[in-house]
Structure formats: structure tokens, C-alpha cells
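Written below as C-alpha cells is the structure these notes are about.
The values are calculated or read from the model by the stated rules, or taken from the named source; none is laboratory data. This one's a predicted model, so the numbers in the text were calculated from it and none came from an experiment. As a convention, Cβ positions derive from the backbone with ideal geometry for all residues, glycine included, and neighbour counts pool all protein chains shown.
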Amino acid sequence: MVESVHFLAFGPHPDDAEIGTGAFLLKMKNQGYRTGMVTLTTGDMGNGLPEVRREETRRAARDLKLDVLEILDLGDTRLEDSHANRVAVASLVRKYRPEIVMAPYYGLEPGRGRGHADHIICGHVVTHGVNFAHLEKYPAEGPPHAVKKILYYFLPPFMRPTFIVPVDEEFPLAIQALANHSSQFDRRDRPKFFPTRLEAMASYLGAQIGAKYGQAFYVQDVLKVEDPLALFP
């Protein structure tokens, strides 16, 4: 039987989950949790060959100390919230039995960047696949499994996150891991994107919680808190 993970991040393309959750996953790994990542497409419509992007993703995963990495081929620019893709997600949820799943935030206007169609669809198909994974009769592989929570990343600018995680020590290491994606970041058409824009966003989020760097997440549900004072150290 495959060993379960505590945190499993889904991304639409190679480098997406690393950008949105990499520092957080590294922090969780350093705290003793098992972590994993699933990329739904090979990024075959972007810069770089699919086999190159696969190898870049594997190197980044090693730098992030991930216990699990899956690279699927559900179609860059062709990702659909279909029954088949929901079954694929549910099967991976049942295989790795995560307590927490992470996916891109889905409530965005379409366009480039966060609004890429695959980002929005990834949020939808992962949400549905996770929700259906616990149903005994759902035709996914493996025994049913219920995830505790889905955390959404890639939030639109100025959206208030449910929480921000300080990643002062982990963010620079996550940037080093992302540098493995040289087919995406060593490009003349966007020389200022990496790492400048990522550092600016992480600094903006960190400033909201008194940290140098932060990664933000949104949760659909109201959170149950037994001791409010524990939230304000």
C-alpha cells in the first residue's frame, strides 16, 4: 500500500504549484509532514518540450523535498472539468490519502496569468474530484477517502485570504527550486518576472502578518476555533 501524505498540491502546469505552494510545502516538510504535488498537464503548449518540463519538475520536486510527485498529461490549454478528469483526481486522492489538498482559486476572470483557463479549470476539477473521492460508489480507483480541507492558492490581487503562512526561511529555498524551470524563467520576453515579481508578492503578503515573506490561502468553509487567543501569539 502506498504511504499517505499530509499535504497534496495540484497544479495545472509545471511550476504553478511550486509558485503557489512551494515554500509552504517545504515548511510543512521541515515540520515532519509528508508532502506531495500533482501536475495535471505537461505544459506542452508553453515554452520548452514536454520531456524537458518533466525533468525540470522532477528537479524542483527534489529541492522541495517532496515525498510524492505525479505528472499527468490531461492537455495544456485543453484541460476540462470532465467526468474522466474528476475520476483521475479522485483516484490520486484515494491513492495518497491526503489530509489537506491545495488547488488554484477558481473564481477569477479569464485571461493571462492566474486567469488562464487551465488554472480556473484545475480549481474546479480538483474540487469536484476531491469531493467525490469519499463516495463509495464513485468509479475511482482505491478505497474511498475524505479530505479534511481544500486550500486555494493563486488568489487575485487584493482578495482577503483566509490565512497567510509566514515562510521567511523557506521562500528563498523555494525560489531556488523554481529556478529549475529554466525553460520558463530564462527567457528574454519576461526578464523581470523571476524572481522579482514573486518576491514582491511574497513580501506584500508577509507584511500583512509581520513576516518577511508569506504564502496566502483561501478556505471556503468557516473555520472552527476553540481558543481564539491561540490565533494571536
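Quick check: anything in segment 81-90 over 16 Å from the mean Cα position of the chain (by Cα) and free of Cβ contacts under 8 Å to residues at least 40 places away in the same chain? Checked against the condition, which is being over 16 Å from the mean Cα position of the chain (by Cα) and free of Cβ contacts under 8 Å to residues at least 40 places away in the same chain, segment 81-90 yields at least one hit.
What number of residues within segment 95-113 satisfy the criterion of being assigned to a helix (DSSP H, G or I) and surrounded by 19 or more Cβ atoms within 10 Å (Cβ to Cβ)? Counting residues in segment 95-113 that are assigned to a helix (DSSP H, G or I) and surrounded by 19 or more Cβ atoms within 10 Å (Cβ to Cβ) gives 2.
Among the residues of segment 124-146, those that are more than 14 Å from ASN85 (Cβ to Cβ) and either without any contact (Cβ under 8 Å) to a residue 24 or more places away in the chain or touching a His at 6+ places or on another chain (Cβ under 8 Å) (or both) comprise HIS134, LEU135, GLU136, LYS137, PRO144, HIS145, ALA146.
Within segment 71-93, the residues that satisfy the criterion of being buried (at least 21 other Cβ atoms within 10 Å of the Cβ) and either out of contact with any helix residue (DSSP H, G or I) (no Cβ under 7 Å at 6 or more places or on another chain) or farther than 19 Å from ALA117 by Cβ (or both) are ALA90, LEU92, VAL93. Residue pairs whose Cβ atoms lie under 7 Å apart, separated by 6 or more positions or on different chains, with the first residue in segment 5-23 and farther than 15 Å from ASP118 by Cα and at pLDDT 95 or above and the second acidic (Asp, Glu) and surrounded by fewer than 24 Cβ atoms within 10 Å (Cβ to Cβ), are VAL5/ASP67; HIS6/GLU99; ALA23/GLU170. Sub-8 Å Cβ pairs linking a first residue in segment 200-215 that is more than 18 Å from MET28 (Cα to Cα) to a second residue that is among the β-branched types (Val, Ile, Thr), at least 6 apart or interchain, are LEU205/ILE164; GLN208/ILE164; ILE209/ILE164, ordered by first then second residue. Filter segment 34-51 for residues that are of a type in the set (A, V, I, L, M) and at pLDDT 95 or above; which is farthest from the chain's Cα centre (by Cα)? The extreme case among them is LEU40.
A residue that is crowded, with 24+ Cβ neighbours inside 10 Å, outside any loop (DSSP other than H, G, I, E, B) and either on the phi < 0 side of the Ramachandran plot or modelled with pLDDT under 95 (or both) occurs somewhere in segment 60-70.
If you go through segment 145-179 and pick out every residue that is of a type outside the set (A, V, I, L, M, F, W, C) and farther than 27 Å from GLY111 by Cβ, you end up with 9.
One line per residue, one yes/no per condition, for (1) assigned to a helix (DSSP H, G or I); (2) modelled with pLDDT of 90 or more; (3) within 24 Å of GLY123 (Cβ to Cβ); (4) within 20 Å of the chain's Cα centre (by Cα):
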{"site": "PHE194", "(1), (2), (3), (4)": "yes, no, yes, yes"}
{"site": "ALA200", "(1), (2), (3), (4)": "yes, yes, yes, yes"}
{"site": "TYR204", "(1), (2), (3), (4)": "yes, yes, yes, yes"}
{"site": "LYS212", "(1), (2), (3), (4)": "no, yes, no, no"}
{"site": "ALA216", "(1), (2), (3), (4)": "no, yes, yes, yes"}
{"site": "VAL222", "(1), (2), (3), (4)": "no, yes, yes, no"}
{"site": "GLU226", "(1), (2), (3), (4)": "no, yes, no, no"}
{"site": "LEU229", "(1), (2), (3), (4)": "yes, yes, no, no"}
